[in-house]
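Asks: Below is one structure. I have some questions about it.
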Amino acid sequence: MGLVMPDFGLLFWMVVSFSLLMWLLKKFAWKPILQGLAAREDSIDKALQSAEFAKQEMLKLQAGNEKLLKETLLEREKIVKEAREMKDSIVREAKNQAVIEANKVMEETKAAIVRERAEAVNEMKSVISSFSLEIAEKILKEQLSDNKKQKDLVSNYLENIKLN
Amino acid sequence: MLKASRIFLIISALFLLSFGTVNAEEQAIAGHEPAGEKFNASKLIMEHIADSYEWHIAKFGDFHLSVPLPVILYSRTSGFHTFISTKLHHGTESYSGFRIGNETSKYAGKIVEVATDGSEVRPYDFSITKNVVSLFVSITLLLLIFLSIAKRYKENYNRAPKGIQSWLEPVILFIRDDVVKSSIGEEKYQKFLPYLLTAFFFILINNLMGLVPIIPGGANLTGNIAVTMVLALITFVTILFNGSKDYYMHIVNAPGVPWWLKLPIPLMPFVEVIGVFTKPFVLMVRLFANITAGHIIALGFYSLIFIFGEKSAFAGYGVSIVSILFTIFMGLLELLVAFIQAYVFTLLSALYIGMAVEQHEVHGEKGH
């Protein structure tokens, strides 16, 4: 049966040319094709991964932003509150200080008034005494110039002593 | 959507080609019917599927339209001879002691050297026959296709596939992922991928070229036992050189088998050793038989036309309608077989290699 008997010539050519084909394809076709496919798969894989990563980052960033916003609002409130408190305390202190100052001034004024009055009274006393002495002197000089009057006076005094 | 329409185009183109087979084969059959001689279907079919020293295209009356091919011979007595096949006049004449063996000869259809005592001696025949030309054409085609594709991957692998690349890339990926990787395993498949990819596309392109009736198609290359033998031998040698220690230990001492099957008569090792050889043998025969059978059946349907035509012209015309329909059907079936056989050869080669390189033992899976 010629059909199932392999031909030597065809066997020879097949071995030679198939080996050549395999070598050429392996070196110049399969290597770049398979490497290219693997590299493409790798790059697609990486792209998907980085997209996922970017998504996560975005979410993180968004969450961070929200947190930051919230913190900022809190901070603002706190600052405003502090400012208000500070204002209140300053005003209060100022008021207190003013009251204290006013009181002090008032007291000093009172003390000065008292002192001044006392001085004035003292001065008045001395002036009045000197005036009265002068008057008394003049009166005495005038009275004692005549005897009658001296006698009246003495009698007057005596009368007064009696009354006492 | 684009993909679907492209596939449809390819299928319809191949359908037209198989339709083309019809007409060309009809011509060839008509040419093989000399006046007064009875139509010989088996001779026609055998001539068609066998190798030839010339590429016969058609015959008009007595005129043969054929491409002569170079004959290269090495004789043990007279050394190298190179001449063109027209010198042999289609086997009717001898040239410098060589002639084509006639039908009664042991070497029917092959070039023989006539010795001094009249006996026929077969020289070493390196002739560029029809099948060798077909082999060269298919290899050139494969190189053209895949080197041009490879260029695109080398330039920029990140670009989307274009043209024939987009048609072949899924096939390459399918072979890589679903055939080779799944059979051999993630760690070792890369070593065997170039051979298996080459084998797949070589078988596929030759199967398809065998379906195209006009030159340079139509040679029954993958239906030739020498071709399938070389392919099977490469798988066999790959298995032998890459077989793991486990694989060889499994042959000598199959685990899970009762000891009395191994001693004193080594029955199991004997069966296992036969199994080593049957695997590539089956690969060789399957491809050869499938492709040859397809050609025989298609030609058989055509021969029916002429067998009936010899009885009566009307019967011949009547049968031709049925025959053509059946041959179209066969052509489509062969188209399917072309893909299936390329796939099966690659898958089984990958499975056998996978079983051989595996480190751990697998039981109950011999894959015959």
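Asks: Residue-wise, which Karplus ³J(HN,Hα) couplings in Hz belong to region B:163-169, taking 6.51 cos²θ - 1.76 cosθ + 1.60, θ = phi - 60°, and x for glycine or proline?
Replies: x, 5, 4, 5, 7, 8, 4
Asks: Check which residues have an amide H placed less than 5 Å from residue B:55's amide H, if you skip close sequence neighbours.
Replies: Those lying under 5 Å, H to H, from residue B:55 are B:67, B:69.
Asks: Per-residue mean of other chain beta-carbon atoms within 10 angstrom of the beta-carbon, peptide B:194-206?
Replies: Taking the mean over all residues of the peptide, I get 3.
Asks: Taking Rh as the Kirkwood radius computed over C-alpha pairs, what is the Stokes-Einstein D of chain A at 10 °C in a medium of viscosity 1.306 mPa s, expressed in µm² per second?
Replies: 51 µm²/s
Asks: When Cβ neighbours within 10 Å are restricted to other protein chains, what is their mean count per residue of peptide A:80-87?
Replies: Counting Cβ atoms of other protein chains within 10 Å of each residue's Cβ and averaging gives 0.
Asks: List the relative contact order of region B:281-366 as a percent without decimals, with contacts defined as Cα pairs under 8 Å and 6+ residues apart.
Replies: Relative contact order comes out at 31 percent.
Asks: Please give the per residue volume of the convex hull enclosing the alpha carbon atoms of the protein assembly as shown, rounded to a whole number of Å³.
Replies: Taking only Cα atoms, the protein assembly as shown has a hull volume of 415 Å³ per residue.
Asks: Using each residue's phi in region B:286-298, evaluate 6.51 cos²θ - 1.76 cosθ + 1.60 at θ = phi - 60° and report the 3J(HN,Hα) Karplus result to the nearest Hz, with x for Gly and Pro.
Replies: With coefficients 6.51, -1.76 and 1.60, one gets 4, 5, 4, 5, 5, 6, 5, 4, x, 5, 4, 5, 4 Hz.
Asks: What 222 nm value per residue comes from the helices of the protein assembly as shown, counting each DSSP H run with n ≥ 4 as -39,500 (n - 2.57) and dividing by all residues, nearest 500 deg cm²/dmol?
Replies: Taking each H run of at least 4 residues, the total per residue is -24500 deg cm²/dmol.
Asks: Follow-up question, since we're still on this one. Among B:106/B:130; A:31/B:154; A:46/A:67, which pairs are too far apart, with a Cα-Cα distance over 19 Å?
Replies: Pairs exceeding 19 Å: B:106/B:130; A:46/A:67.
Asks: Amide H neighbours of residue B:244 under 5 Å, at least 5 residues apart or on other chains, H built in the peptide plane: list them.
Replies: Close amide H contacts, sequence-distant or interchain: B:357, B:358.
Asks: Work out the mean other chain Cβ neighbour count within 10 Å for the residues of B:152-158 and drop it here as an integer.
Replies: Average neighbour count from other chains, rounded to a whole number: 6.
Asks: Rounded to the nearest 10 degrees, what's the angle between the helix A:31-144 long axis and the longest principal axis of chain A, both from Cα atoms, 0 to 90?
Replies: Orientation of helix A:31-144: about 0 degrees from the principal axis.
Asks: State the Cα centre-to-centre distance between region A:65-82 and region B:218-248 in whole Å.
Replies: 78 Å
Asks: Restricting to Cα pairs below 8 Å that are 6+ residues apart, what does the relative contact order work out to for region B:70-127? Please round to a whole percent.
Replies: After rounding, I find 32 percent.
Asks: Still on this structure, I have one more. What ³J(HN,Hα) values, in whole Hz, does the Karplus curve 6.51 cos²θ - 1.76 cosθ + 1.60 give for region B:113-123 when θ = phi - 60°, with x put for Gly and Pro?
Replies: Karplus-based 3J(HN,Hα) across region B:113-123 equals 9, 8, 6, 5, 8, x, 7, 9, 10, 8, x Hz.
Asks: A further question on this structure: Quick query: amide H of residue A:7 versus all other amide H atoms, modeled in the peptide plane; which residues come in under 5 Å with a sequence gap of 5 or more or a different chain?
Replies: Placed amide hydrogens put B:226 under 5 Å from residue A:7.
Since every read-out is calculated from the coordinates, none of them should be taken as a lab result. Just so it is clear, the structure is predicted and the values come from calculations on it, not from any experiment. Please note: Cβ atoms are built from the backbone with ideal geometry, for glycine as well, and neighbour counts cover all protein chains shown.
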